[in-house]
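First comes the structure, then the notes that go with it.
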Amino acid sequence: MDFQGQVFLEALTSQSLIRGVQITVALTVVSFAAGLVMGLVLAVMRDSRLRVLRALSWTYIWIFRGIPTLIQLFIVWQALPQLFPALREQWFSPFLASAIALAFNEAAYAAEILRGGLLSVDEGQRVAARALGMPPFSVFRRVIAPQLTRVTIPPMANDFITLLKITSLASVTSLRELMTNTQAAVSSSFRFAEWYGAAAIYYLVLVSIFMLGQSWLERRYVWTSQARGPRSLIRAIGR
Amino acid sequence: MTGHILDEAAIRELAATPATEFVIEARDVWKRYGSNDVLQGVSLGVHRGDVKAILGPSGSGKSTFLRCLGLLEPIDRGEVHLEGARVGVRESRGRFVPLAERHLARQRTDIGMVFQRFNLFPHLSAVGNVMIGLTEVRGMSESDARTTANVMLDRVGLGKRASFYPSELSGGQQQRVAIARALVMHPKVMLFDEPTSALDPELVGEVLTVMEELAREGMTMIVVTHEIGFARDVAGRVVMMDEGRIIEDAAPDEFFSHPREERTRRFLEAVRS
């Protein structure tokens, strides 16, 4: 078997992979956060009393879930600059283009998760909050949002992990994220097993760290008098 | 004077309305869902310190009526008055239009509501549930609100349960927290929507005791209930609703021993058996 441990270790500790990991994480976090905010707006629109808003939201979700993410990346990075010369400038960077494409894509998925979450919050909660005289924004922030968060943590975490891996598609925009840098190293060294292995380990480590974060978050959303206490990562590991 | 449940300020506030005036009044209230006329001209007024019990079969419109009084549902026709002032609407070019939600919110603070299924906020402890109205609506500081809420919980007998979450409380305890959550806002009237219907039989008593004490201390109350005993012993008037109308309104003695309406008689037989 031809597996060179030395090359593998070099790959793991190489500047290009470490730098790639940083960009991958940044891209994931930025597109997830933006997608979440857009998704919340879409989710609320989806059950709006106004037919126009419902239709808009439905159409958005239909398009952005329906078209392969890879094509969406190509559209934003290559087709749009062809159509709009303003996008051929320096500021329209691979990172920006990738973040836009992935955020728009993520929003469609987040919208559906959040809509399910909103439907799962008992109507009596909203009624009780309104009966206390709470204005609409307070009702959402103090009563609906915490319950929405709790039920959507697992599907959202799933979605986040998927997104983290989908960022590897951003290599088509020449963004120097983890996958791009791995491929570059492979094409000059022809050491496939070592470099792809190292990249796989980095993705695994990232997902594992994130899963710890998820357990920690889920613990914070257990509503009993005993569950309070120090909310440490160590306790999350203990699960 | 301080009661067991209400503090001095609350009792003074309640006493400020003349006893002859209706604290809350519905005038010819109509409400339709789709093609179903749930309320068909309901009129009802409650004087200060009075307790009205509303009885009736399910689907008679009792709960809808209470939600309309509580400004949680817009009404199609008729008027709701709180201490003589019309609420839930504003005048615009000579016509009355429903108020925007944030203005309705302000008017709702004068009306306390208690629900069949408690509707406590599961992510907040008992004291958190009682505080939230004070901090979010009354603009009270966190620490003042906590102190006030703890006193209120103590008064409904739950001082030792303040840090418990709803999932850790019995149904009777949850409903008492819900009563405290409404009372802490110093409402002018309390509306109870079948407050004991979701409780195990052995837990009904502790909730009714709190409600009786409240009535004794002069709280104005409307109680939708199936508890005949409570209606007979605590209510000043008992009202029978059927098919979206009030068909009988009498003092408890008369209501239970000589109901005028055949419908009332049949209903009472059914619930007693």
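Looking for whichever is under 18 Å from the mean Cα position of the chain (by Cα), in a loop (DSSP other than H, G, I, E, B), farther than 26 Å from B:F256 by Cα and of a type in the set (A, V, I, L, M) here; the options are B:L14, B:L71. Which one fits?
Every option except B:L71 fails the conditions.
Which of the residues that make up region A:139-183 are in a loop (DSSP other than H, G, I, E, B) and either closer than 20 Å to A:I201 by Cβ or open to solvent by less than 40 Å² (accessible area, probe 1.4 Å) (or both)?
A:L175, A:R176, A:E177
Output yes when any residue across region B:156-176 is β-branched (V, I, T) and either open to solvent by 30 Å² or more (accessible area, probe 1.4 Å) or within 11 Å of chain A (Cβ to nearest Cβ) (or both), and no when none is.
Within region B:156-176, not a single residue is β-branched (V, I, T) and either open to solvent by 30 Å² or more (accessible area, probe 1.4 Å) or within 11 Å of chain A (Cβ to nearest Cβ) (or both).
Taking the options B:E212, B:E243, B:E248, name whichever one is open to solvent by 60 Å² or more (accessible area, probe 1.4 Å) and over 18 Å from the mean Cα position of the chain (by Cα).
Selected residue: B:E243, the only one of B:E212, B:E243, B:E248 that is open to solvent by 60 Å² or more (accessible area, probe 1.4 Å) and over 18 Å from the mean Cα position of the chain (by Cα).
Name every residue in region A:142-201 that is in contact (Cβ under 8 Å) with a residue 40 or more places away in the chain, within 14 Å of another protein chain (Cβ to nearest Cβ) and either farther than 24 Å from A:G39 by Cα or in contact with a helix residue (DSSP H, G or I) (Cβ under 9 Å, 6 or more places away or on another chain) (or both), in order of residue number.
Of everything in region A:142-201, those that are in contact (Cβ under 8 Å) with a residue 40 or more places away in the chain, within 14 Å of another protein chain (Cβ to nearest Cβ) and either farther than 24 Å from A:G39 by Cα or in contact with a helix residue (DSSP H, G or I) (Cβ under 9 Å, 6 or more places away or on another chain) (or both) turn out to be A:T149, A:R150, A:I153.
Give me the helices (runs of 4 or more DSSP H) completely within region B:124-191, filtered to those with at least 1 residues that are hydroxyl-bearing (S, T, Y), ordered by residue number.
Per the criteria, B:126-136, B:142-155.
If the Cβ limit is 7 Å and pairs must be 6+ apart or interchain, which residue in region B:125-140 that is more than 10 Å from every other protein chain (Cβ to nearest Cβ) and within 13 Å of B:V151 (Cα to Cα) pairs with which residue that is among the small types (G, A, S) and surrounded by fewer than 23 Cβ atoms within 10 Å (Cβ to Cβ)?
From residues that are more than 10 Å from every other protein chain (Cβ to nearest Cβ) and within 13 Å of B:V151 (Cα to Cα), the pairs are B:V127/B:A162; B:V127/B:S163; B:M131/B:A145.
Taking the condition of being away from chain A (no Cβ under 14 Å) and either surrounded by 18 or more Cβ atoms within 10 Å (Cβ to Cβ) or free of Cβ contacts under 8 Å to residues at least 12 places away in the same chain (or both), how many residues in region B:82-124 meet it?
10
Of the numbered conditions (1) within 14 Å of chain B (Cβ to nearest Cβ); (2) at pLDDT 90 or above, A:L204 satisfies every one except a single condition; which is it?
(1)
Each row is one residue, and each column tells you yes or no for (1) among the basic types (K, R); (2) in contact with a Pro (Cβ under 7 Å, 6 or more places away or on another chain); (3) open to solvent by 80 Å² or more (accessible area, probe 1.4 Å).
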| position | (1), (2), (3) |
| --- | --- |
| A:Q6 | no, no, yes |
| A:E10 | no, no, yes |
| A:G20 | no, no, no |
| A:L87 | no, yes, no |
| A:W91 | no, no, yes |
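Quick one: A:A111 ticks every box in (1) crowded, with 21+ Cβ neighbours inside 10 Å; (2) closer than 20 Å to B:R138 by Cα; (3) touching a Lys or Arg at 6+ places or on another chain (Cβ under 7 Å) except a single one, so which number is it?
Going through the list (1) crowded, with 21+ Cβ neighbours inside 10 Å; (2) closer than 20 Å to B:R138 by Cα; (3) touching a Lys or Arg at 6+ places or on another chain (Cβ under 7 Å), A:A111 breaks only (2).
The values are calculated or read from the model by the stated rules, or taken from the named source; none is laboratory data. Keep in mind that what you see is a predicted model, and the values were worked out from it rather than measured. Every residue, glycine as well, gets a Cβ built from its backbone with ideal geometry; the counts of neighbours run over all protein chains shown. For accessibility, only protein heavy atoms count, side chains too; no ligands or nucleic acids. Shrake-Rupley method; radii C 1.70, N 1.55, O 1.52, S 1.80 Å.
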